[in-house]
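See structure below.
Laboratory data are not the source of any read-out in this text; all were calculated from the coordinates shown. Bear in mind that the values here come from a model prediction, so they are computed numbers and not experimental data. Every residue, glycine as well, gets a Cβ built from its backbone with ideal geometry; the counts of neighbours run over all protein chains shown.
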Amino acid sequence: MKRHDKNGDGKLDEAEALNAFGWTFNRSDKPGKGDPRGIAAARAKWIFPKLDKNNDGFLSASEAHRFGSELGRIDSKDPDADAGAIAKSRADAYIESLDKNGDGTLSAEEVRYTLLRRSYRGMDVRDKATGKGDGQVTAQEISRYLERREPGRDGKISQAELENHYATRLPGRDGSISPEDLKGLYGGYRNGRGDGPRGTPSIDGDRVYTEGGTGDITCLEAATGKVIWQVTLADLGGRVPGWGFSESPLVEGDLVIITPGGSKGTLAALDKNTGKLVWQSDEEKQPAHYSSPVAADIGGIRQIVQLARQSCFAVTADKGRLLWKYSGANNGTANVTTPIVHNDHVFVSSSYGTGGGLARISAADGKQKAEQVYFEKRMANHHGGIVKVGDCMYGFGSGGLICMEFMTGKIAWSDRSVSKGSLVVADGMLYLLGERQQVALAEATHLGYKEHGRFSIPNRGFPSWAHPVVTGGRFYIRDQQTLTAYDVRAK
C-alpha cells in the first residue's frame, strides 16, 4: 500500500490503482452504498481529466492503455455512424503513429507494446495456400478488421462512455482501494467469470463446512465464524480445475466427503470434528471437476456417488472402495451437474454436445455394475442443476427448460422459459434464474410449462450462474458481489 499510495492518504485512488495494477484492480473494489449512477458520474468526472493528457475531451488508446482489453468494451458502438469511414480513419492513424520504418505497414515488432498486438494476427490476412499471414499489416487490412469486428467504434473513449461503463459493469464501485480491498486483490480465488468461492457451504448442527475455489476446506462455528480446523485439497493430491473447486462438502455421519481428485484418490473423507483424513479412494484417481457428491443406498450398500472428469462413479461410504463407474454422460471440458439417485438408478448429465443418461446399478457375483437404460442428448445440462419432483426431472438443456420422465427418458415438454440457467424447487414451484438475469416462477408439473410471473435483476457484467436458494419464506439470489432476498411467503 505505501509503495503505491503516492499522496499518503492511506488508500489508493483510481489513478494510483491503475498505475499499480491496471484495470484488474476493479475486481477488489467493493461496491458501496448510494446511487450507482451518481457514483459512476462522480468517478468518471474525477479520473477523466487526469488521463486526458491533450485535453481534447477523449481518451485515446495510448491515454487509456492502463484499461487493457477493457478499452474495447468501454468504447460504445454508434449504430448511425459510417462504420467504414471510422475504420479507415482509425487504420490511417495507427499507421501514422506506429510505422517506425516508414514502409506503410506495421510489423509485429512495431505493435508489440501497443493494444493493437491483441488483434494483430486477426488483421494479418492469411494466404489461402499456406494458411499463414505475411507478418505485415496494411492500412487496408486494419480497416477491414475494424469494420468487421468493431463496427461503429471510433477507438476513443468519451467521459459519457466511461461513466456508462462504470454504472453498468461496475455498479456502486468508486474506484478507490482500501488496505482491506488490497488484501483481497492478492488473496482468494480469481476467475474471469467472477471471483470467490464456487460451492455452497454445508451446515451440520452448530458447524459450517466450506470449500474455497483454490481448495481450502474449513470448519467453522456457525454462531461466531471461528475456525475450528482447516485443510487444503492440495495436501490430498488435488489440483485446482480450470474454473476452481466448486463442490459443496458432503456431511455423511461423522465424515465430511470432499473431492480433491488426482493421484492420491478422487474422493476423500475427513473426520468432521478434527479434519483428519479417514480414507481416500485410491482405486479411483481421476481429476476433480465441478459436481458435488451425494450419499445414497444402492443395492443395500451405503455409498458416495460423484461425477468427475472421466466418469460418474461410487465408492463405499465407510472405506472409499470402488463400487461401479458410468462414463456415458461425461465430456472432457466441464462436468458440473450433481447426479440424481433414485431406486438403484443414477441420472447423469453434462453439456458441450453430450446429454444425459440413466444408469441402472445392479449386482452380480458380489459386485455392482452400471448399465445404461437410456440416453437423451437434449437433456444436456451445463451448470444449472436438475431437480427431481415425483416421476419427472426438470432442468435446462438444449433449447431451454425440459421436463423429462426419470425412468423412461420421455420428454413431457420443453419451453424456452428464461433460456439457460439454474433452478430450485420449493412447495411444488420451480424458481428459475436465467444467466441473462431473467427470473421466473413456474409450476413443477408434467402437464406443460405454466409460468406464474417473472422479473429481471440488474446486469452485473457477467452471466448469472450462481444457484438460487429458497428457505424460510425467502428467495435468495447471489450474483457477483450482491446477495438479494425476496419475500415469497404465501399471502
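Observations
- Tensor-based shape of the stretch 371-433 (alpha-carbon gyration tensor, a/c under 1.5 rounded, otherwise prolate or oblate): oblate
- Extent along principal axes [Cα atoms of the stretch 14-186; Å; largest to smallest]: 57, 38, 30
- Its DSSP H runs of at least 4 residues, each contributing -39,500 (n - 2.57), put the calculated 222 nm mean residue ellipticity of the chain at -4500 deg cm²/dmol, to the nearest 500.
- Spatially, the stretch 58-130 and the stretch 1-53 are offset by 27 Å when compared through their Cα centroids.
- Nearest-ten-degree value, helix 83-98 long axis tilted from longest Cα axis of the chain: 70
- Sorted peptide list for 229-239, 375-385, 315-325, 125-135, criterion being average Cβ within 10 angstrom, highest first: 375-385, 315-325, 229-239, 125-135
- A simple charge model with +1 on the Cβ of Lys and Arg, -1 on the Cβ of Asp and Glu and nothing else charged puts the dipole of the chain at about 340 debye relative to its Cα centre.
- With the highest mean first, a sort of the peptides 360-369, 291-300 on other beta-carbon atoms found within 10 angstrom per residue produces 291-300, 360-369.
- In summary, the aspartates and glutamates within cross-link reach of Lys420, defined as a Cα separation below 14 angstrom excluding same-chain residues under 8 places away, comprise Glu435.
- Under 28 Å from Lys11, Cα to Cα: lysines that are on another chain or at least 8 residues apart: Lys2, Lys30, Lys33, Lys45, Lys50, Lys53, Lys183
- Taken over the stretch 143-195, the convex hull of the Cα atoms encloses 141 Å³ per residue.
- For the chain, the mean projected area of the C-alpha convex hull, equal to one quarter of the hull surface, is 29.7 nm².
- With a cut-off of 15 Å on the backbone N, the residues of the stretch 342-370 near the modelled label site 7 Å out from Lys377 along Cα-Cβ are 350-357.
- Note on Lys319: lysines with a C-alpha under 23 Å away, same-chain residues under 8 apart excluded, are Lys264, Lys272, Lys276, Lys285, Lys367, Lys369.
- The count of lysine pairs in the stretch 54-148 with alpha-carbon distances below 26 Å, taking only pairs 8 or more places apart or on different chains, stands at 5.
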